[in-house]
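The values are calculated or read from the model by the stated rules, or taken from the named source; none is laboratory data. Model, not experiment: these values are computed from the prediction. Counting neighbours? That spans all protein chains shown, and the Cβs are built from the backbone with ideal geometry, glycine included. What goes into the accessible areas is simple: the full protein's heavy atoms, side chains included, and nothing from ligands, DNA or RNA. Shrake-Rupley method; radii C 1.70, N 1.55, O 1.52, S 1.80 Å.
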Amino acid sequence: MSMNSFGHLFRVTTWGESHGPALGATVDGCPPNVPIDAEMLQQWLDKRRPGQNKNTTQRNEPDAVKILSGVFEGKSTGTPIQLMIENTDQRSRDYGDIANTFRPGHADITYHQKYGNRDYRGGGRSSARETAARVAAGGVAREAIKALVPGLEIKGYMTAMGEMEIDRNRFDWDAIEGNDFWIPDADAVQDWENYLQSLRKNHNSVGAIVEVVARNTPAGLGAPIYSKLDTDLAAAMMSINAVKGVEIGEGMNAARLLGSENADEIFMGDNGPEYSSNHAGGILGGISTGQDIVVRFAVKPTSSILTPRQSIRKDGSPIEVITKGRHDPCVGIRAVPVAEAMMACVILDHLLLHRGQIGENQGTIG
């Protein structure tokens, strides 16, 4: 029974472990004649790549992607695209002490309870390193989206990290790519860095909130019940390592609003319907409205810390655990490009589903 694939028409299967020889993705359903080469995909992997600054893990992986199939003379052929990323900087010795120990906050104990064995080197399949394969697949999805809907743009950023939170009155799209934290406020970067480095020196970690937006998405993507666009987006984001909660649009805060506040009023504009606000996050009844699609998720603090925590061994005996190795003090930072990749895969999947069922939008207004 396979549980390593997601998507309907655009389908991605990831494979590999954190400390194995390689990991990668098999991408099936990409339309033919989409321009794709390794350099195109590498730009997205470089956003996620570890070891680039002092605010993330110091594991130094080039994350160089190789295209093994499905692309000929720089274009997709319509057949499965096989992507591979070799692991080159594993330090498996860092994990020898936990071969028979369950680390608190990790999937060690549940993997053992389910399978009866586990790859303890860096968490094996449960490691966040698996997300490199998703980012590579997301690069393929971005190129296909570019061919189908040229103006569609996907952008992720952090909105909170522990006690730190962005000031939305200072929101600057152009600042996001220019700092280690992917935050839309260049003036706040130093405070965020000071806060994170203080936690790191104290052998601790912190959680974060990541927001990802798809702009210029056409109306009509999704379905009313079992293939809702927001359902698939929520599942995609929830599948990212360490994510513990997902919101669409206003999300949990909608429970605090009155109906008169939450309902986005509709007006007729020069180019079709326009909305007074976007509490719905660009999706109504599982179908895109044409507004920005806004998804937000919470990432828990990194469980691998040098602060001692109580746990047990396989034989049930107690033990105090200190997790050594190279770990992110806040996994939310490198979750941003992963969120963008998952958004791209889901959006492309629904573009293809919509095209297969409807073609062009059928319901005209005005």
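Calculate the length of the line joining the C-alpha centroid of the range 197-266 to that of the range 110-166, in whole Å. Centre-to-centre distance over Cα atoms comes out at 15 Å.
Could you compute the net charge surrounding ILE154? Neighbours are other residues with a C-beta less than 11 Å from the C-beta of ILE154; K and R count +1, D and E count -1. It would help to have the intermediate numbers written out before the result.
Working: positive: ARG142, LYS146, LYS155, ARG215; negative: GLU153, ASP292, GLU340.
Counting the neighbours of ILE154, the net charge comes to +1.
Classified by the C-alpha gyration tensor, the range 212-275 has an oblate form. Its axis ratio a/c, with a ≥ b ≥ c, is 1.5 or above, and a/b does not exceed b/c. Distance between the 7 Å Cα→Cβ label points at GLN197 and ASN216: 3.9 nm.
Relative to the dominant Cα principal axis of the chain, helix 38-48 is inclined by about 60°. Taking packing as the residue-averaged number of other Cβ atoms within 10 angstrom, the listed peptides 307-313, 182-188, 265-271 run from highest to lowest as 182-188, 307-313, 265-271.
The calculated 222 nm mean residue ellipticity attributable to helices in the chain amounts to -8000 deg cm²/dmol, summing -39500 (n - 2.57) over DSSP H runs of n ≥ 4 and dividing by all residues. Each residue, ALA263 and ILE365, gets one label point 7 Å from its Cα in the Cβ direction; the gap between the two is 1.5 nm. Only protein atoms count toward the accessible area here, which uses a 1.4 Å probe; on the range 278-339, the carbon and sulfur part of that area reaches 56 percent. For a paramagnetic label modelled at 7 Å from the Cα of ASP172 toward its Cβ, which residues of the range 182-214 fall within the zone defined by backbone nitrogen distances under 14 Å? Counting only backbone N, you get 182-191.
Counting only alpha carbon atoms, the long axis of helix 229-238 and the longest principal axis of the chain meet at about 10°.
Full extension of the chain between LYS314 and VAL189 yields a length gain of 40.7 nm, computed as 0.36 nm times the residue separation minus the alpha carbon distance.
Could you tell me whether the range 286-325 comes out rounded, prolate or oblate from its Cα gyration tensor? Rule is a ≥ b ≥ c as square roots of the eigenvalues, rounded for a/c under 1.5, then prolate if a/b exceeds b/c, otherwise oblate. Present the calculation step by step, with values, prior to reporting the outcome.
Details: a/c = 6.42, a/b = 3.17, b/c = 2.03.
In terms of gyration-tensor shape, prolate.
For the chain, take the longest principal axis of its alpha carbons; what is the angle in degrees between that and the long axis of helix 189-201, to the nearest 10 within 0 to 90? Value to nearest ten degrees: 30. In terms of the Cα gyration tensor, with a ≥ b ≥ c the square roots of its eigenvalues, is the range 241-366 rounded because a/c is under 1.5, prolate because a/b exceeds b/c, or oblate? Verdict is prolate for the range 241-366.
If we count every other residue with Cβ under 10 angstrom of ARG170's Cβ, Lys/Arg +1 and Asp/Glu -1, where does the sum land? Intermediate results must be reported in sequence, preceding the final value.
On the way: positive: ARG168; negative: ASP167, ASP172, ASP185, ASP187.
Value of the local net charge: -3.
At a probe radius of 1.4 angstrom, the accessible area of the chain per residue rounds to 48 square angstrom. Surface composition of the range 134-254: carbon plus sulfur atoms contribute 48% of the solvent-accessible area (1.4 Å probe, protein chains only, all chains present). Extending 7 Å from the Cα toward the beta-carbon at both GLU163 and GLU39 defines two label points whose distance is 4.7 nm. By the rule of a C-alpha distance below 27 Å, with chain neighbours fewer than 8 residues away ignored, the lysines paired with LYS114 are LYS244, LYS300, LYS314, LYS324. By the rule of a C-alpha distance below 19 Å, with chain neighbours fewer than 8 residues away ignored, the lysines paired with LYS75 are LYS66, LYS146.
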